[in-house]
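The values are calculated or read from the model by the stated rules, or taken from the named source; none is laboratory data. Remember, it's a predicted structure, so these values are computed and weren't measured experimentally. Virtual Cβ from ideal backbone geometry, glycine too; neighbours counted across all protein chains shown.
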Amino acid sequence: MSRKKRIPTVAECASQFEEPALPMTREEMDARGWDELDVLLISGDAYVDHPSFGTPLLGRWLVQHGFRVGIIAQPKWQDTSDITVMGRPRLFTGVSAGTVDSMLAHNTAFKKRRQDDQYTPGGRAGARPDRACVVYTNLVRQAFPGTPVVIGGVEASLRRATHYCFWTDKLRRSILLDSKADLLVYGMGELAALEIARRLDADPPGLTYTKETLHGIPGTAFALPSLAALKKADYAPQTEDDLVVLPSHENILAEPKALMKATLSLERQAFQGVRWAAEECGNRLIAIAPPARLLNTEEMDLLYSLPYTRMAHPVYTEVIPAARMIQFSVTSHRGCAGSCSFCSITMHQGRTITSRSGDSIRKEVETITEHPQWNGSITDVGGPTANMWGSYCADDPTTCKRADCLTPNPCKHFKTNEAEQVALLDSIRDMEGVKHLRISSGVRYDMAEDGGDYVKSLVNDYVGGQLKIAPEHMSDKVLKLMRKPKFEKFEKFLNLFQQQSCDAGKEQYVIPYLISAFPGCTDDDMRELSAWLKQRNWKPQQVQCFIPTPGIVATAMFYAGVDQYMRPIEVARDQKARLRQHHILMPDHGKPIGRPKAREFKRGRKTASSGRR
């Protein structure tokens, strides 16, 4: 009688790695022979030593470059006892709310408190505070007076200037001012963090350190007394064309449309990567340096080859849901050429695609197959969009005037190579020890070539029965505001997917992601979408009521009631209107939903369907 193989515990697995997790305690520091830390990183997430988690990734990166780094994960915020367990860091403390903005982690689209947190042991809510960057920074100030504090991650990155807070329905000034941190890092942060550590190593705090030591680093924001002070600095923008002055905080308070102007200016800065931005707030100036350059392929390969254990830290005794989901996933690239107005990816990772080499990705998979918890399945090879690996701009992206590389139609300078993507996936699938390979990060259907190798390969080998696709809506008016392609492109891809599945003799489903109550969307638009779904006997399970998160164009639309061209649009602002639109698609919202019926294409073989049953 066969016995099920016992899965090793976290502690057993950790003992098998030459390089353990980064320290969280003084005892773990001692085991490494460290008498002090150079850098302390604090995160609102539990510590999962995986490259999909930003804090561990930055920690490994800094250690690779010779710095001693420790991590404090989800400290209690009633006192400083958790913050001080490894002592004062020699150089600086880095603070992040975690992988998700803390307000979004705690609150739903309908302003209800969430009951779970996927980044916490046991999935329990409440392990991080609201506005975690602000709270954690204040704790560090109490624990280590005089030590530089740098905030970063998604929460800080998207709140670097004046922003709208949906949960309080108010404008808030830059989180840099509210937290009183010395510096804010926006974007992915590896190069900025390394430059911060190197500057402070050469000019240690407590000796000759001043805040000006950190000013001017690409990919950072900092406070100055005035615009004149920025123009006099040795790192100042060289010409007037190198600086965009945003509407002041007070101007945005007085005129809501000014938030749209500021957001579009920051978007252009993030996309083109060459200009300074500055925003006045009271008697202070937020100076936003140009974005850090993107990592090149060699640097990306190094970053993802570092010795991550791909497990939660051994201190945890309960499962961290997010860690289980991504344990054997592989990041192949960063950035997204799509620039959807409701998405923060391009504001954080950039619009330019930066890809790892195929050899690096295959090497990572080879390492994964030797993991003591390996189950034979690679759950994903992708990034923000799976089928953008290897894509590039054949023109100069710094001079591009487009807001989106794909909408309304793909730019002629945006180049992809489906054959190389398929060859990469096939080579991973055929590696020894790999039983299954799935693509779960979603694909851009408007990039798929008609009858091309990529769709055929997905259907035959990598879908696993269900494919995530995000049409978001069907109204061309709403899709234009979203910066999404016309609905006819989704229908074209859907027919192609159905045909390919049928030809392959497979019953497979498209799982559509939809958005309700988007700015510019009316009840009639939602009814039109509902009617389209009913014609196909689809009962959607992936409908998200639009959440106006900080720093994105769609949030400026929601707040100001205008599109990006300053034309008035209808906005469902109050909760009653938002719920009404949502219930048009989800009348049983909050109740268990059965599997919907699917339209079936029968061609004498197995049935191919386009919806979940």
Verdict on Phe490 being within 28 Å of Thr416 (Cα to Cα), more than 27 Å from the chain's Cα centre (by Cα) and aromatic (Phe, Trp, Tyr) | no
Which of the residues that make up region 235-285 are within 24 Å of the chain's Cα centre (by Cα) and of a type in the set (A, V, I, L, M)?
-> Leu259, Met260, Ala262, Leu264, Leu266, Ala270, Val274, Ala277
Per-region count, region 274-297, residues part of a loop (DSSP other than H, G, I, E, B) and in contact with a strand residue (DSSP E or B) (Cβ under 7 Å, 6 or more places away or on another chain) = 5
Count of region 103-125 residues which are in a helix (DSSP H, G or I) and surrounded by fewer than 24 Cβ atoms within 10 Å (Cβ to Cβ) | 6
Out of all the residues in region 236-267, which are touching a strand residue (DSSP E or B) at 6+ places or on another chain (Cβ under 9 Å) and either surrounded by fewer than 14 Cβ atoms within 10 Å (Cβ to Cβ) or assigned by TED's automatic domain parsing to the domain that holds Arg567 (or both)?
-> Asp242
Could you grab me the full set of residues in region 218-235 that are over 27 Å from Arg402 (Cα atoms) and either outside the structural domain of Ile286 (by TED's automatic domain parsing) or crowded, with 17+ Cβ neighbours inside 10 Å (or both)?
-> Phe222, Ala223, Leu224, Leu230
Determine if region 126-141 includes at least one residue that is at pLDDT below 95, assigned by TED's automatic domain parsing to the domain that holds Gln64 and either hydrophobic (A, V, I, L, M, F, W, C) or surrounded by fewer than 24 Cβ atoms within 10 Å (Cβ to Cβ) (or both).
-> yes
Do you know which residues across region 53-71 are among the small types (Gly, Ala, Ser) and either modelled with pLDDT under 95 or not in a loop (DSSP other than H, G, I, E, B) (or both)?
-> Gly54, Gly59, Gly70
Condition met for Met300 (in contact (Cβ under 8 Å) with a residue 12 or more places away in the chain, farther than 27 Å from Ala127 by Cβ and buried (at least 20 other Cβ atoms within 10 Å of the Cβ)) | yes
With (1) without any contact (Cβ under 8 Å) to a residue 60 or more places away in the chain; (2) under 26 Å from Leu214 (Cα atoms) as the list, and Arg324 as the residue in question, which single condition is left unmet?
-> (2)
Reported set for region 516-535 where residues are over 13 Å from Phe487 (Cβ atoms) and in contact (Cβ under 8 Å) with a residue 12 or more places away in the chain is Ser516, Ala517, Phe518, Pro519, Gly520, Cys521, Thr522, Asp523, Met526, Arg527, Ser530
So, first residue aromatic (Phe, Trp, Tyr) in region 229-244, second residue in a loop (DSSP other than H, G, I, E, B), Cβ within less than 7 Å, six or more apart or across chains; the pairs are Tyr235/His215; Tyr235/Gly216
Sort out which residues of region 391-429 are among the hydrophobic types (A, V, I, L, M, F, W, C) and either assigned to a helix (DSSP H, G or I) or without any contact (Cβ under 8 Å) to a residue 60 or more places away in the chain (or both), and write them in order of number.
-> Cys393, Ala394, Cys411, Ala419, Val422, Ala423, Leu424, Leu425, Ile428
Within region 389-413, which residues are buried (at least 19 other Cβ atoms within 10 Å of the Cβ) and out of contact with any strand residue (DSSP E or B) (no Cβ under 6 Å at 6 or more places or on another chain)?
-> Ser391, Pro397, Asp404, Leu406, Thr407
Search result, residues across region 355-390 that are part of a helix (DSSP H, G or I) and charged (D, E, K, R) = Asp359, Arg362, Lys363, Glu364, Glu366
Can we say Ser81 is exposed (fewer than 15 other Cβ atoms within 10 Å of the Cβ), modelled with pLDDT of 95 or more and more than 17 Å from Pro314 (Cβ to Cβ)?
-> yes
